[in-house]
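What follows is a short report on a single structure.
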Amino acid sequence: LATRLNLVELFSSVQGEGIHVGESTLFVRLGGCDLRCAWCDSPGTWRPSANAEIEITRGSGARRTQTNPLAVDDVLEAAQALELSRHRWISLTGGEPLLQARAVADLAAGLRGRGPGIHLETHGLAVAALERVIDVVDFVSMDWKLASDVRRAVDPESGVATPFHATHAEFLAIARTAAGVSIKVVVTPRSDDRELDEMAAHIAAIDPKLPVILQPVTPFGSVRQTPGAARMLALAVRLSRSLEDVRIIPQTHRLYGAP
Ligand code: SF4
């Protein structure tokens, strides 16, 4: 496939967050993001990357560098070299992978039937792009961003952000047509209860059985604190009044230093 994409890195590891935590995963991290989350642990992915870092042998951590953009075929070849079929999932992540929808669609189509399920990790706002790829994706892990915590790249520093709920709801309506879907919300000490209630109402109106993961923020960048256990547990109780599958799952890869 001649489609080209901007790749930040490709490596084998283990899923560190969400409902597939602990499962073997090959990560394909694409460059570019149109959001600015205060806690973002990969600000290097906000802009397309000049070079891609590609793991050479599965589990070695040793990487080679290749100049961007890469052809989809090159990415497929690099994935095969990392024992692709031995993974439970291949995660198309970022940055925001749906900013390169055509490449994601071609990559996912090329990866299908080679073993791992196709796992899309997304900020959950690129509705038109999701429509282009939904048929070749097995699982959508979408974020639900809170305007109390997240800005769009185009928002002025101090400006009031537009709520994301309506776009997320539209996105979820399409995402749930995949074989699997989960919704993740990162909770910081600044997260607003009313906004979380609005999120729950939107999700419940679509399907109250969908798994909703509350992820206490891992401090990074300008975010120095994480909400305590009491806050997280109270929030789970609050949301479980309208949602049937609320889970608290912190990031695990950062605990043991995995990439
Ligand atoms: S959406 Fe993801 S990559 Fe983009 S700023 Fe937020 S955490 Fe970072």
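Using beta carbons and a limit of 6 Å, which pairs, at least six apart or on different chains, have the first residue in the stretch 195-206 and in a helix (DSSP H, G or I) and the second one of a type in the set (S, T, Y)?
E195/S148; A200/S242; A204/S242
Tally up the residues in the stretch 112-138 that are on the phi > 0 side of the Ramachandran plot and free of Cβ contacts under 8 Å to residues at least 40 places away in the same chain, please.
The first filter runs over the stretch 112-138 and keeps only residues on the phi > 0 side of the Ramachandran plot, leaving 113, 115, 124.
Of the ones still in play, those that are also free of Cβ contacts under 8 Å to residues at least 40 places away in the same chain are 113, 115.
So the count comes out to 2.
Let's see how each residue does on (1) assigned to a helix (DSSP H, G or I); (2) modelled with pLDDT under 90:
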site: S141; (1), (2): no, no
site: K145; (1), (2): no, no
site: S158; (1), (2): no, yes
site: A161; (1), (2): no, yes
site: T167; (1), (2): yes, no
site: E170; (1), (2): yes, no
site: S182; (1), (2): no, no
site: V185; (1), (2): no, no
site: P189; (1), (2): no, no
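Check the stretch 74-96 and report whether any residue there is of a type in the set (V, I, T), away from the ligand (no atom under 16 Å from the Cβ) and free of Cβ contacts under 8 Å to residues at least 60 places away in the same chain. Outline the logic, then answer.
First, the residues of the stretch 74-96 that are of a type in the set (V, I, T): 75, 90, 93.
Restricting the remaining residues to those that are away from the ligand (no atom under 16 Å from the Cβ) gives 75, 90.
Right, trim to free of Cβ contacts under 8 Å to residues at least 60 places away in the same chain and you get none.
No: the stretch 74-96 contains no residue that is of a type in the set (V, I, T), away from the ligand (no atom under 16 Å from the Cβ) and free of Cβ contacts under 8 Å to residues at least 60 places away in the same chain.
Any chance the stretch 7-14 includes a residue that's at pLDDT 95 or above and assigned to a loop (DSSP other than H, G, I, E, B)? Explain how you work it out, then say what you get.
Applying the first criterion (at pLDDT 95 or above) to the stretch 7-14 yields 7-14.
Those left that are additionally assigned to a loop (DSSP other than H, G, I, E, B): none.
No, the conditions are met nowhere in the stretch 7-14.
Taking the condition of being surrounded by fewer than 17 Cβ atoms within 10 Å (Cβ to Cβ), within 13 Å of the ligand (Cβ to nearest atom), in a loop (DSSP other than H, G, I, E, B) and among the small types (G, A, S), how many residues in the stretch 17-50 meet it?
Of the residues in the stretch 17-50, 2 are surrounded by fewer than 17 Cβ atoms within 10 Å (Cβ to Cβ), within 13 Å of the ligand (Cβ to nearest atom), in a loop (DSSP other than H, G, I, E, B) and among the small types (G, A, S).
Taking the options R151, R132, name whichever one is within 12 Å of the ligand (Cβ to nearest atom) and not in a loop (DSSP other than H, G, I, E, B). Please lay out each step first, then the result.
On the way: R132 fails: within 12 Å of the ligand (Cβ to nearest atom).
So the residue among R151, R132 that is within 12 Å of the ligand (Cβ to nearest atom) and not in a loop (DSSP other than H, G, I, E, B) is R151.
Do we find a residue being surrounded by fewer than 17 Cβ atoms within 10 Å (Cβ to Cβ) and modelled with pLDDT under 95 anywhere in the stretch 70-89?
No.
Collect the residues in the stretch 226-259 that are under 25 Å from K209 (Cβ atoms) and hydrophobic (A, V, I, L, M, F, W, C), keeping them in residue-number order.
Within the stretch 226-259, M232, L233, A234, L235, A236, V237, L239, L243, V246, I248, I249 meet the criteria.
Tell me the residue from G115, G124, G95 that is assigned to a loop (DSSP other than H, G, I, E, B), touching a Gly at 6+ places or on another chain (Cβ under 7 Å) and not charged (D, E, K, R), please. Spell out the reasoning first.
Working: G115 fails: touching a Gly at 6+ places or on another chain (Cβ under 7 Å); G124 fails: touching a Gly at 6+ places or on another chain (Cβ under 7 Å).
The conditions single out G95.
The values are calculated or read from the model by the stated rules, or taken from the named source; none is laboratory data. Predicted model only: the values in this text are computed from it and were never measured. Here the Cβ is made from the backbone with ideal geometry for all residues, glycine too, and neighbour counts use every protein chain on show.
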